[in-house]
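A short worksheet on the structure shown next.
No value in this document is a laboratory result; all are computed from the given coordinates. Not measured: the values here are computed from a predicted model. Please note: Cβ atoms are built from the backbone with ideal geometry, for glycine as well, and neighbour counts cover all protein chains shown.
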Amino acid sequence: MAKKEAKIKAQVKVQIPGGKATPAPPVGTALGPHGVNLGQFVTQFNDRTKDLNGMIVPVVITIFEDRTFKFELKSPPASVLLKQAAAIAKGASKHRSEKVGSVTKAQLAEIAKTKMADLNASSLDAAVRIIAGTARSVGLEVLD
């Protein structure tokens with residue numbers, strides 16, 4: 001991996017299905033211009049995300065001038081977790097008038113715990129309110 005004295009060349013953010021990365025787009029188009037070894041990145045990413053089989057995982061890749069890299073995995077997007085919890089394939093096209101499913105407050109709390117490190121919230125209650133807002137914008141009804 002990267003040494004501490006190496007200078008940062010670029011920082012790239014991509015969303016990749018867990019355990020299913022390939023050198024094809026979006027990975028290849030994002031990392032190729034920076035000279036990163038795509039095979040090495042794909043292998044490391046797939047090893048670290050094999051338990052998230054197919055779920056979208058945001059990744060922040062820091063590329064150094066000597067073409068080495070390090071990457072940080074983020075938690076899956078809230079909308080993906082909400083759709084999975086509500087067992088729906090797609091959110092509503094008109095979220096204010098169309099409801100496509102429902103989630104309970106317990107499910108919201110579980111998703112908030114998963115996303116807590118990536119949310120800008122000071123408490124679990126605040127994180128639940130953030131996730132509830134996302135649920136409403138996806139077209140889900142929040143049940144007590």
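First select every other residue whose beta carbon is under 13 angstrom from the beta carbon of Thr104; then total the charges, Lys and Arg +1, Asp and Glu -1.
That works out to -2.
For region 8-73, restrict the atom set to alpha-carbon positions and state the Rg and Dmax in Å.
10.8, 32
Which residues does a label at Val60 reach in region 12-28, if reach means a backbone N under 20 Å from a point 7 Å past the Cα toward the Cβ?
12-18, 27
Amide H to amide H, which residues 5 or more places from Gly139 or on other chains are under 5 Å from it, using H placed in the peptide plane?
Amide H neighbours of Gly139: Ala92.
With everything on Cα atoms, drop me the angle between helix 124-138 and the longest principal axis of the chain, reported from 0 to 90° to the nearest 10.
The two axes meet at around 80 degrees.
Within 10 Å, count the other beta carbons around each residue, average over each peptide in 28-34, 74-80, 49-55, and list them highest first.
Taking the mean over residues of other Cβ atoms within 10 Å, the ranking is 74-80, 28-34, 49-55.
What residues have an amide H closer than 5 Å to that of Lys9, excluding those fewer than 5 places away on the same chain, when H is modeled at 1.01 Å from N in the peptide plane?
Here Ile63, Phe64, Glu65 satisfy the definition.
Tell me the label-point distance for the pair Lys50, Thr22, using the 7 Å Cα-to-Cβ offset, in nm and rounded to one decimal.
Each label point lies 7 Å from its Cα, and together they span 2.0 nm.
Please identify the GluC sites (Glu not before Pro) of region 26-122 that satisfy two criteria: DSSP loop assignment and at most 11 other Cβ atoms within 10 Å. Which are they?
Loop-located and lightly packed - Glu98.
Would you list, by chain and number, the aspartates and glutamates whose Cα falls below 15 Å from the Cα of Lys113, excluding same-chain residues fewer than 8 positions away?
Within reach: Asp125.
Just the Kirkwood number for the chain, please: inverse of mean 1/r across all distinct Cα pairs, in Å, one decimal.
Computed over the chain, the radius equals 16.8 Å.
Once phi is turned into ³J(HN,Hα) by the Karplus curve 6.51 cos²θ - 1.76 cosθ + 1.60 with θ = phi - 60°, what whole-Hz value does each residue of region 48-61 show in order, with x for glycine and proline?
Karplus-based 3J(HN,Hα) across region 48-61 equals 6, 10, 4, 7, 9, 2, x, 6, 5, 10, x, 10, 10, 9 Hz.
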